[in-house]
């Protein structure tokens, strides 16, 4: 399936295994550590002097590129014209107008990544995966997922003319299936649980030689996600807030968020890495339970309505724990009721509609303030990772309800809605 | 509710009634023609020499404003800092990579307005309405709608701290209700049909002095929508395609699309106005039935699954008919099956997910090619007016289905999905 003609990437020094810390030369076909196996997730090492040849604060200030591809110099990809891709990234960073005050924060910014083309931050990873698959000559990309990763994989692949094969457990919700199917993905509904689904995807990917978009396996995925941090930093004029807050499920996204700030710090483009607050639901909180001491994770029940972060056995453990520990950050858990309340709070105060996992960061700020983790005079950026339109059922549970009225003014006044 | 201190708008010459053609001085509180009443929808007249003082092709080329507000000089608003608003507009214009070929077109562009903050083109109108309400000192904005207009009104109002009161008929779909309610709108579910709902909203708006966002009543709404054309023209380097294609329901959007090109033509920024193809469902096609001769509209049944254009009694008749007639365009109707097929076609070929009304334009291109209205060597821009995430039910009907497989390779191969 691949032409084996790998591009030379002068800015990529190689790989380092997150478990055994061995370094390896860069090989795009090598997805995990040959010694540690599938759990040996790799970091990509960069030559920042090489990156510096192609990008700077000044060059970006002149750059009208209206997507994550303004940061292509930071990505493990061959240079190419990325304008045909879906317009992923360069999502708005809003200064809070009311939510910060309600929470009792000095300054709050909200990064709305639900405005990506398939409506989640996962588009950033899928875009890089699709680019890498094209670079290597694949014609098919595959992943195993029930949600945003799968639909973003399908959408970004469809745009660039790649086929996609998506493995979902048979309990996958209809709304998420619809999106993938509209994008023309071949969707395999696996009779079994999530592990069965993942295992079948792995066997099929190996047998048929498809490109592997599973985020725990392929290190380019965190690289794509790091662009959200590059954007936050640039949108804040290279003065990031004290904290950056987001929900955590598998660990890939929070790992990427740290890597973006890490790269900028190494480049001398920011003076410090913000503290990262990782937020989980109390219904599924293996990272919070393991704490800042990075204890080994314990397999956890998946008992939260925030489906995108309902991950009892996360795969990107090292990247996630490192993100919080090395940034001087913290972990907090919030109950599902607080997540639903945050959906409504964010919508009412700022006009931003997030799915449950998308607003879990917002709920986490409240908890972190109450616990004294975030101080009221600190500045905070919260990332909304996915759009509320993905989960109408929980939105209705969060939203309250309309008031019925007969069609006359007396009835309207009697309804109480004007009080 | 209003401070009556209207801003002086040097670039606005006044109003002209679309029915009786009388001209009136500009008064933001005057929404319809005093002689013709509610049906006397107004055009806003501009002094293009004044606009020219503030904007040009060259000034725009230097402008990094990443939203519709890059065109604020073209809008009937006082100048202000629009950066606190939701980031409406400057949505991607994709060059088609495969759909154009499949349809047999020389060149096709796709404007994805489903990537607006509340996921539809209606955000453009709501943003201007909210800005005007703020300018006039209102604290509450109101409209009557079942869909995208209402949720965009609620979202844009919430962001800027305005209250919103939304009137919906009791049959309004839950998914659309959820979005408005999350934005903190007071939602009145009116026991009655759409006319009862509209009438109650009108009475309440008058009695309580709220700002009126009903698109048929308030002429700033088409002005907001025209920004989609300004973007298309700029994104095509001021060389618009031969045709611009979109779905038509109430007529406000297509009216605005024409006005945007009209303004640019008056300004000398484009050399010609593209032909506009207005597309409706055969299940509800009053404009198509009236044809290019602009015959009076006949009340029509509302029998289409494309709910956003299911309008049997459109309000913006003159603006819509003028858009098609004066641009040298055409009207076509497509059956609902073709609309569903277009959902899938657009997703599969381009990775773009539109709601039924959002892809009706795409279905219309096919019909117009078959009828010889659009020639294969002509260039076309199609506008996707709303996001498919708004309508999972129809997406599932359009999308086909997944294939079940037991978790082993033999079963996967037997499933046929790999053929």
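What to note about this one:
- Label point 7 Å beyond Cα along the C-beta direction, distances from residue A:16 to other copies (nm, shortest first): 6.9
- Pairwise centroid distance, computed over Cα atoms, of region A:214-246 with region A:30-80, Å: 12
- Normalised by 2.2 N^0.38 Å, with N the number of residues, the alpha-carbon radius of gyration of chain B equals 0.97.
- Per residue, the Cα convex hull of region B:110-151 amounts to 68 Å³.
- Of the two radii for region B:1-143, the radius of gyration is 1.03 times the Kirkwood radius, both from the alpha carbons; that is the Rg over Rh value.
- Peptide B:269-279 is shielded by partner chain Cβ atoms: per residue, an average of 0 of them sit within 10 Å of its Cβ.
- Estimated FRET transfer efficiency (residue B:50, residue A:19; beta-carbon r; R0 41 Å; 0.05): 0.05
- Per residue of A:111-120, other chain Cβ atoms within 10 Å of the residue Cβ number 4 on average.
- Taking the DSSP beta bridges with both ends in region B:120-220, the antiparallel portion is around 0 percent.
- Value of Rg to Rh for region A:121-220 (Rh from inverse mean 1/r over Cα pairs, i.e. Kirkwood): 0.93
- Degrees, to the nearest 10: A:356-370 long Cα axis against longest axis of chain A: 70
- When you work out D = kT/(6 pi eta Rh) for region B:200-269 at 37 °C and 0.692 mPa s, using the Kirkwood radius from C-alpha pairs as Rh and the Stokes-Einstein form, the result is 242 µm²/s.
- Of A:219, A:296, A:286, the one that fluctuates the most in a GNM where chain A has Cα springs shorter than 10 Å: A:296
- Inter-chain shielding of A:405-414 (mean C-beta neighbours from other protein chains, 10 Å cut-off): 6
- Label distances, nm, residue B:266 versus same residue in remaining copies, Cβ-directed 7 Å point: 5.6
- Region A:359-419 and region B:96-139 have their alpha-carbon centroids 26 Å apart.
- Estimated FRET transfer efficiency (residue B:371, residue B:79; beta-carbon r; R0 35 Å; 0.05): 0.15
- Average Cα contact separation per residue, chain A, under 8 Å, 6 or more apart, as relative contact order %: 16
- Between A:62, A:239, A:321, the GNM of chain A built on Cα springs shorter than 10 angstrom shows A:62 fluctuating the most.
- Convex hull volume per residue, computed on the Cα atoms of region B:190-331, equals 118 Å³.
- In degrees, nearest ten, helix B:252-266 long axis to first principal axis of chain B (Cα): 70
- Considering only the Cα atoms of region B:312-419, their convex hull presents on average a projected area of 9.7 nm².
- Both radii were evaluated on the Cα set of the protein assembly as shown; the Rg over Rh quotient, with Rh as the Kirkwood radius, amounts to 0.96.
- Cα pair count fraction exceeding 15 Å, expressed as % - region A:125-176: 39
- Degrees, to the nearest 10: A:122-135 long Cα axis against longest axis of chain A: 20
- Selected from B:356, B:376, B:274 as most flexible by GNM, with chain B as the system and alpha-carbon contacts under 10 Å: B:376
Computed from the coordinates by the stated procedures, all read-outs in this text should not be read as laboratory data. These numbers come from a predicted model, not from an experiment. Heads up, the Cβs are rebuilt from the backbone with ideal geometry, glycines too, and the neighbour counts pull from every protein chain shown.
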